[in-house]
Amino acid sequence: PSSSESGVFIANAELQATEEPSVYRYSVIIGQKSLNHPRVAGSVELQVISENENQYAVLGLADITDGGAELPLGFRFFQQLDGTIYLPAEFVPNQWMVEVNLASASSSSIRQTYDWPFLGR
């Protein structure tokens with residue numbers, strides 16, 4: 001973080017394949033650009049997207065994890081969120097998306113889409 005900039009950003013988002021087919025570990029780090037800002041609160045949503053042969057499907061966090069529809073967010077400098085994604089066996093993903101929704105009324109959401117890093121999985 002620096003004292004001259006402000007805002008929240010997605011510092012890192014990674015997926016790792018596991019030994020089990022269709023099971024992946026995710027790690028997302030959300031940061032704040034300024035040292036002078038108060039505590040950040042909100043939530044993070046993850047989605048896995050499949051777009052194949054004119055079919056478009058999106059699985060939300062509640063569909064792909066053992067948890068709810070969003071991950072709680074609360075930090076001053078950064079927060080790391082880790083967990084496991086379970087995809088249906090027939091689901092072929094192309095992308096995944098991280099969306100940060102801030103509780104502050106003056107803040108909007110931050111959304112970043114990433115290519116699915118595993119071919120044929």
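Using a 1.4 Å probe and ignoring any ligands, DNA or RNA, find the accessible area of L102 and quote it in Å² to the nearest 10.
30
If you count only protein heavy atoms and use a 1.4 Å probe, how large is the accessible surface of E51, to the nearest 10 Å²?
Spelled out: E51, probe radius 1.4 Å, area about 110 Å².
Provide, as a two-decimal number, the C-alpha radius of gyration of the chain over 2.2 N^0.38 Å, N being how many residues it has. Present the calculation step by step, with values, prior to reporting the outcome.
Details: Rg = 15.5 Å, N = 121, 2.2 N^0.38 = 13.6 Å.
Normalised Cα radius of gyration, the chain: 1.14.
What does the net charge come to around A13 if you take all other residues with beta carbon closer than 15 Å to its beta carbon, with K and R at +1 and D and E at -1?
Net charge in that neighbourhood comes out at -3.
Could you order Y24, Y114 so the one with the most accessible surface comes first? Probe is 1.4 Å.
Y114, Y24
How much area per residue is accessible in the chain when the probe is 1.4 Å and only protein heavy atoms are counted (Å²)?
Numbers: 7170 Å² over 121 residues.
Computed with neighbouring chains in place, this is 59 Å² per residue.
Quick one: with all protein chains in place, what share of the accessible area of the chain is carbon or sulfur, to the nearest percent (1.4 Å probe)?
Within the chain, the accessible surface is 46 percent carbon and sulfur.
The values are calculated or read from the model by the stated rules, or taken from the named source; none is laboratory data. Just so it is clear, the structure is predicted and the values come from calculations on it, not from any experiment. Quick reminder, even Gly has a Cβ in these numbers, built from the backbone with ideal geometry, and neighbours come from all protein chains shown. SASA here: full protein model, heavy atoms, side chains in, ligands and nucleic acids out. Shrake-Rupley method; radii C 1.70, N 1.55, O 1.52, S 1.80 Å.
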